[in-house]
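So the structure is just underneath, and the comments pick up after that.
The values are calculated or read from the model by the stated rules, or taken from the named source; none is laboratory data. This one's a predicted model, so the numbers in the text were calculated from it and none came from an experiment. Neighbour counts are summed over all protein chains in view; Cβ atoms, including those assigned to glycine, are modelled from backbone coordinates with ideal geometry. Calculation scope for accessible area: heavy atoms of the full protein, side chains included, ligands and nucleic acids excluded. Shrake-Rupley method; radii C 1.70, N 1.55, O 1.52, S 1.80 Å.
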Amino acid sequence: MAAAANPLLRPGAALRSAARSVLRGRLLRAAAVLLLVAGGAGGWWVSSARSSSGPHGRVAFATGVDGGVYDRYGVLLQQYLGGHMPGLKVQLDNSEGSLDNLERLVSHQDDFAVATADAVASFGSPDKPGLRAIARLYDDYMQLVVPADSPVHSVADLRGLRVGVGQAKSGVNLVTRRLLEAAGLNPDRDVRPSPVSVVQAADELQRDRLDAFFWSGGLPTAALSDLSERTPIRIVPMGDLSDPLHQLAGPGMDAYRAATIPADAYPDVEPERTAVPTVAVPNLLVTRADVDPALVEALTRAVIDSRDDIGRQVHAAQLVDLRTAVYTDPLPLHEGARRYYQSVKP
């Protein structure tokens with residue numbers, strides 16, 4: 001019964017009751033505003049623990065540059081989640097790459113992202129302790145692309161040339177600068193750097209506006225496959241820089257390993273059927289510690305279960321493996337991911 005209609009309440013009591021009702025209304029409205037703000041800042045969801053049909057709501061996923069493997073993987077994972085978690089709406093956000101993705105995570109612009117292990121180790125944000133890993137995905141291979149008739153046969157041959165070095169906040173730029181240093185070149189003085197994406201670099205190489213460009217990505221990368229069909233190109237070996245890389249000072253140097261680009265990765269690249277020694281670095285699927293563990297557990301399961309479906313279109317995704325997914329150094333596993341791996345442990 002309302003206070004004004006209750007004859008048992010004295011006038012003072014009625015006023016106090018009305019004031020309490022007004023205060024409750026204001027608090028409820030404030031709470032609603034906070035929920036809306038939180039949703040707009042990064043994402044909102046209903047935990048699968050509270051919904052029998054799985055996670056519901058919206059999350060944001062930072063991928064990478066258009067035409068890169070991060071971008072393609074994100075699109076296919078979004079499609080897979082749409083079929084298996086229809087209540088979860090995944091927003092894909094293109095970015096400059098790994099370092100940009102990590103910044104987007106700690107600023108709550110995105111909830112999930114892909115980043116290379118060396119970029120994670122080098123990330124200097126004071127919010128870095130709040131980052132967590134979901135899975136080790138696949139390795140990125142460093143690829144130095146030149147015209148087929150180029151005189152460049154090693155990284156040291158790039159001195160004085162126009163070189164695509166990746167965008168400022170990309171993992172490509174980070175490892176490119178290190179590779180140049182390992183080859184004895186100053187990244188700022190000894191080459192003419194161009195901070196372009198892989199699609200832009202491919203276009204500029206074809207137009208003779210670049211002499212070479214670096215790319216760090218899964219195999220094969222569509223932008224390079226497309227370029228090789230339009231113009232004769234060659235991939236320069238960099239395997240000899242694996243040891244010099246490890247001798248450089250800086251965080252994340254132990255993330256690099258010697259690797260080989262298989263001969264069939266790019267059938268149209270010259271010379272055909274020739275494997276190329278290079279350097280590789282692992283990719284991690286990353287989130288924040290404050291993201292709902294039930295949501296992360298469900299997403300981790302989807303990442304592992306979607307390997308074959310996505311791998312038919314993105315070859316690198318075939319390398320996602322339950323046995324290696326837990327090796328996410330330098331980040332600890334998110335609690336939700338840990339729950340999933342424990343649940344499927346033999």
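Each row is one residue, and each column tells you yes or no for (1) closer than 19 Å to Val69 by Cβ; (2) touching a helix residue (DSSP H, G or I) at 6+ places or on another chain (Cβ under 8 Å).
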site	(1), (2)
Met253	no, yes
Thr260	yes, yes
Glu297	no, yes
Val303	yes, yes
Ser306	yes, yes
His315	yes, no
Val320	yes, yes
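Assess whether Asp254 counts as being open to solvent by 20 Å² or more (accessible area, probe 1.4 Å) and farther than 23 Å from Leu284 by Cβ.
Values: open to solvent by 20 Å² or more (accessible area, probe 1.4 Å): yes; farther than 23 Å from Leu284 by Cβ: no.
Criteria not met by Asp254.
Could you list all residues from the range 316-334 that are assigned to a helix (DSSP H, G or I) and buried (at least 16 other Cβ atoms within 10 Å of the Cβ)? Ala316, Ala317, Leu319, listed by residue number.
The residues on offer are Asp308, Asp292, Asp268, Asp264, and the sole one that is open to solvent by 50 Å² or more (accessible area, probe 1.4 Å) and over 30 Å from His153 (Cβ atoms) is Asp308. Of the helices (runs of 4 or more DSSP H) lying entirely inside the range 173-275, those carrying at least 3 residues that are under 19 Å from Val146 (Cβ atoms) and not charged (D, E, K, R) are 198-206, 222-230. Assessment of the range 225-246 against the conditions (among the aliphatic types (A, V, I, L, M), free of Cβ contacts under 8 Å to residues at least 60 places away in the same chain and within 25 Å of Gly124 (Cβ to Cβ)) yields no matching residue.
Of these, Asn94, Asn101, which one is open to solvent by less than 10 Å² (accessible area, probe 1.4 Å) and either of a type in the set (S, T, N, Q) or within 22 Å of Leu333 (Cβ to Cβ) (or both)?
Answer to the selection: Asn101.
Inspection of the range 228-251 finds a residue satisfying the criterion of being open to solvent by 10 Å² or more (accessible area, probe 1.4 Å) and within 20 Å of the chain's Cα centre (by Cα).
Among the residues making up the range 55-80, a single one is surrounded by fewer than 18 Cβ atoms within 10 Å (Cβ to Cβ), in contact with a Lys or Arg (Cβ under 8 Å, 6 or more places away or on another chain) and at negative phi: Arg58.
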